[in-house]
Every structure is written in C-alpha cells, then in structure tokens.
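Report on the following structure.
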Amino acid sequence: MSDLAQKRGFALPGVKGNAIVMALYLLFLLLPIYWLLNMSLKTNTEILNSFTLWPRDLTFDNYVTILTDASWYSGYLNSMAYVVMNMVISLAVALPAAYAFSRYSFMGDKHLFFWLLTNRMAPPAVFALPFFQLYSSVGLFDTHIAVALAHALFNVPLAVWILEGFMRGVPKEIDETAYIDGYSFPRFFIRIFTPLVASGIGVTAFFLFMFSWVELLLSRTLTSVNAKPIAATMTRTVGAAGIDWGVLAAAGVLTIVPGALVIYFVRNYIAKGFALGRV
Amino acid sequence: MNKTVNQKAWFLVLPVLLLVAFSAVIPLMTVVNYSVQDAFAGDFYPLDDKLEWFKQMLESERMWDALGRQVAFSAIILAIEIPLGIFVALNMPKKGFWASLCLVLMSLPLLIPWNVVGTIWQIFGRVDIGLLGYTLAALGIDYNYTQDFYAAWVTVIIMDVWHWTSLVALLAYAGLQSIPDAYYQAAKIDQASRWKVFRYIELPKMMGVLMIAILLRFMDSFMIYTEPFVVTGGGPGNSTTFLSIDLVKMALGQFDLGPAAAFSIMYYLVILLISYVFYTVMTNLDKRDGH
C-alpha cells in the first residue's frame, strides 16, 4: 500500500512539482516571520539606516531589554496566567458536557449544541463593552480570572465540540462493561474514560491555549495594569515613546515561541482539532 | 452511534450552561438594554420610539458602507484561501519526515497572536524598513499601505491569506488522508484523468471538512478586528474599516452606546443567520456520510 501511495503523488506533473509548490508556499509563510526575527537581532541604528537582509551587527540587547524589564516580562506572565486558568476552567466544565453529548440524547440537545456554537461565532467586538461593565461591577476588572472567564465564551464551546468528536470514537461497550463491573459514574469517568480520551484532551488543551493566547480585543479591554497581556503591552509601547523597532520585533518573536514549542506535539491532530473532531 | 435517551444527561451539561450563560447571556442582555434605551452618564432614559437606534442605524450610510466592505473582504479571502488551501493540500507530502515538517511550519502562522500578525505585516510592508515594501519600491512600484486605497486592501488581504490559508490546507489534507487507497486503484484501472480523480474522488471526500473550513473562515473573517486595525487602523480614510473596527470605534471611542448596541445586535444576527445555513448543510453532510 505504501508503495502505491508514494508513487501516486497528488500533483499533476509528479513529485518534483509537489516539492516546488510546497517550497514556494512555505517561503511565503516564513519570509515575514524571518524578517521579524532578523529585525529583532539588529540595533535600531542598523534597522533605520541600512537595509540589510541579515543582521550585520548581531545583538541580543532587544531580548535582554524585555527579559529584564518588569513592565515587559510581566506581560508574558499575565498572559500565561489567564491562558492556564482558562484551560483549566474550560476543560473542567467541557469534559462532562462533551460526554453527555457523545453518549446520550436528551431534550433540547441539538438546540443546546447549536447555541454553544453560536457563542463561538459571537464577534468579540460586540461583547467588549458589556464585558467591561459586567466585570467592573463585580469587582473583577483587571484580574486574570476576568480574562479567563471572558475567553471561556468562545473556548468552552470549542472544547465541547472537539472533545465530543474524540469521545464519539470510544466504543460504548466500554461504558457498559464498566457499569456491569460495578463502577460508579464518577469513578468510571476519572479512572477509565478520561485516560482513553487523553490524546483528545491534549489536543483540546492545545486549542484552548492557542485561541486564548492569540486573542487581544477582550484581554485588552478587561485589563489595565495588573493583568495586562503581552499583546497589549506591545501596542501601548508603540503608541507611547516613538517606536523602538528592535524591541517590538523581539517581543513579537517571543510571543511566537510558546506556540512553536507545543505545535510539534500535536502536529498530527491539528486538522482534527480545527475540524472540531469531525475528520 | 445510536445514543440512549437519558434526561439526566442535563446534569452533565449544567456547568457548561451556567458558565456560558454567565459570559454570554448577561452581556448580550446588556447590549439589548442599551439598544432600546437612551444611556447617558450611567442612567437610562426611555426612548420615545423603542426602535429609534435600530432605525437610525439602518438608515446610516456608515453602517452599510462598513457592511459592504466586510462582505467584499470575506468574499475575496474565501475565494483565494479555499482553492489555494486545496491546492497546497494536494501538493503536501503524504507521510514521513517531510509531511511532519510541512505540518509544523504551516501551523506556525495560526499560533501567532493576532496583533503580532498585524505587526509583522506592518513592518514587512513598510517602504523604509520592510522587505516587501522596500523590494516593491526598488522595483519602482508605488506602494504605500497607509495612504493608498488599493495598497491597503492588497496588504490586508495578503495578510489574511498568509495567516489562514494553512487552516484550509490542514483540513483539506486531513480529508485527503481519509481516502482509502482502493479508490485510487479503481480510478487507475478506469484510466481516469487527474482532473476526474479530483472531481469525483477527492472533492466529494473533502466536502465535509471543506464546509467546516468555509464556516470557520467566514465566521472569523466576518469578525476580523485586530490584524487590519494594527496595520492600517481602518484607513486610509475609512477604506479598511470593517464591521468590528467600526463598532469598537462607535462604542468605545465615541461612546454612542445606543446606536452601537443596535449595530451589535444586527451584526450578530447576520453572522448567526449565515452560520446557521452552513451548520445545517454541514450536519446534513455528516448524516449522509453516516457519522
């Protein structure tokens, strides 16, 4: 089978054409990122005064600035804090719900499922102001938990969808056998079922991380100082004291790093996650 | 899988229901509240005509213009990203080291915070320090995305293609992977052309995931805010002011809460309506495939 699959190839003219198309596409993807990396390793003088394709005067000063200045690195810590909170909250509530959707039919299940999806469709711009007022009135403005809860708006539905897709793949007989063996539901769920969908949970966690990490509008609206995310730190620095291109580029590169690190582990599941577990 | 009827399953769904209700229903009701009253300095005053804000927004040229730009933007990026994504997926290596490498590199843009995506393209397109802008200027092409209408649009569209085509490609790739080898062998015996293999084997098998790709890309492009805001700030003039940018300007910038709330509700309804159509088509496809 593998022999045939390799010979077949997808492209029209054969293997070589494939490689050229992929090389061009990857070049298109990586060039802007390379440019950011390139700039982050230059001094501002070099950036502004000479146009160079690679750093002639290699410097790590821009990174040192970020990693030693609390107003910069606290942004990363804040982002990490609310992303992790959001992951924990979303997974905790989505696991039982996804199980219910994958195993049982109950009154209103289809409507409920679509209603959850509608929250994934809600434009953050619509919710920015009401969120601000809601969290201010309950005294949560500028806290990590406020951002985590706000991101739950789109992350919880996503988690339910992806987990449901993975749980559907676990044969129902396993549940039935466990109940016959005398397992109670909580014990069965934690001891037997959760390990079976471990890869699904990992993939879900990755997507929760991703969508909470990349979002800016809500996290910026809901924070001012104590929980300000790195993304907002970047925009404000641009506005305030001219533009320090080198530091800005270095901050940008550092926001790419966490995603780039975890992506390797989920590479074979990314499509399944984006397809909400439906491939 | 046939499911058991069990009303107690509601208890398992309850936490999700409460959490999402807290973060969705309460804010949504706030919006509704604003849309039918006159809010001033924290107090509400009843409107003579409950629907005044809605009427005002429906007559406002500003909203229709923003809607027009939004529809044009979503249509253009879908028209580019879907075929390009399929094309890339068809050219991806099937397995092994190169397949993994492609998957990892292609996913990279998806994980970059949206304002950093904006920053990357803002820098990349600058005539003085950006590779793209500098190269274009050196070639004698007049390119300035902060002042020229076409340059701004081209930049915003290429940025979105850069950012999201991989998503379509990944989904299409996953669809292609699920096609059994026997299908291709049968096609080979029938001496089917490359186009026919695509048209009658690959495309139908990809339909399900492609619907998801179209749904996701439609939803997200219709809500786009951060990336164009960072690059063009909605300009030059209003030429790249999409719905979300206009809405935030109205609500948080000018504090026109009533009209902004009416705007929000209509905006949300449009997305819901179109997404409902996609969703119905999607679930029907699912049923047909016997999931």
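I'd like the distance separating the alpha-carbon centroids of the stretch B:21-85 and the stretch B:196-218, in whole Å. Each part reduced to its Cα centre gives a spacing of 32 Å. Near A:SER105, the amide H atoms lying under 5 Å from its own belong to B:THR4, B:VAL5, B:ASN6; only residues 5 or more places off or on other chains count, and H is placed 1.01 Å from N.
Computed about its Cα centre, the charge dipole of the protein assembly as shown is approximately 1980 debye, with only Lys, Arg, Asp and Glu carrying charge at their Cβ. Dipole of chain B computed with +1 at Lys/Arg Cβ and -1 at Asp/Glu Cβ about the Cα centre; of B:THR119, B:THR30, B:TYR276, farthest Cα towards the positive end is B:TYR276. Residues whose amide H falls under 5 Å from that of B:ASP38, counting only those 5 or more places apart or on a different chain, are B:TYR45, B:LEU47, with hydrogens built in the peptide plane. Under 30 Å of direct C-alpha separation, and excluding same-chain neighbours fewer than eight residues apart, B:LYS205 reaches these lysines: A:LYS7, A:LYS16, A:LYS110, A:LYS172, A:LYS272, B:LYS3, B:LYS94, B:LYS95, B:LYS188, B:LYS196, B:LYS287. Annotation: lysines with alpha-carbon distance below 22 angstrom to B:LYS249 (same-chain offsets under eight excluded): A:LYS228, B:LYS55.
The stretch B:101-164 and the stretch A:32-50 have Cα centres lying 15 Å from one another. Within straight-line reach of B:LYS50, meaning a Cα separation under 20 Å, sit the following aspartates and glutamates at least 8 residues removed in sequence or on another chain: B:ASP38, B:GLU59, B:ASP256. Among B:193-206, B:142-155, sorting by the average number of other beta carbon atoms lying within 10 angstrom of each residue, highest first, gives B:142-155, B:193-206.
Over chain A, Cα pairs under 8 Å with separation of 6+ residues give a relative contact order of 30 percent.
Shown for the stretch A:34-49: residues covered by the partner protein chains by 40 Å² or more of accessible area relative to the chain by itself (probe radius 1.4 Å), namely A:TRP35, A:LEU36.
The mean count of C-beta atoms from other chains within 10 Å of the C-beta of residues in B:118-128, rounded to a whole number, is 5. Solvent exposure of chain B amounts to 44 Å² per residue of accessible area, where only protein heavy atoms count and the probe is 1.4 Å. Using just its DSSP H runs of length 4 or more, each adding -39500 (n - 2.57), the protein assembly as shown gives a mean residue ellipticity at 222 nm of -22500 deg cm²/dmol after division by all residues. How many percent of the accessible area of the protein assembly as shown is carbon or sulfur, using a 1.4 Å probe? On the protein assembly as shown, the fraction of accessible area on carbon and sulfur atoms equals 67 percent.
Nearest 100 Å² is fine: what is the total accessible surface buried where chains B and A meet, probe 1.4 Å? The summed interface area works out to 9700 Å². Using the heavy atoms of the protein chains alone and a 1.4 angstrom probe, what is the accessible area of the stretch A:70-274 per residue in square angstrom? Solvent-accessible surface per residue comes out at 34 Å².
The mean sequence distance of close C-alpha pairs (under 8 Å, at least 6 residues apart), as a share of the length of the stretch A:1-156, puts its relative contact order at 20 percent. Note on B:LEU84/B:ASP181: beta-carbon distance plugged into 1/(1 + (r/R0)^6) with R0 of 25 Å gives a FRET efficiency of 0.40. Which of rounded, prolate or oblate describes the stretch A:70-274 when judged by the alpha-carbon gyration tensor and an a/c cut-off of 1.5? Here the stretch A:70-274 falls in the prolate category. Site pair A:ALA23 and B:VAL71 shows an inter-label distance of 4.4 nm when each label is modelled 7 Å from Cα along Cα→Cβ.
The values are calculated or read from the model by the stated rules, or taken from the named source; none is laboratory data. Note that this is a predicted model, so its numbers are computed, not measured. FYI the Cβ positions are ideal-geometry reconstructions off the backbone, even for glycines, and counts take in every protein chain you see. Areas reflect the complete protein model, heavy atoms only, side chains present, ligands, DNA and RNA absent. Shrake-Rupley method; radii C 1.70, N 1.55, O 1.52, S 1.80 Å.
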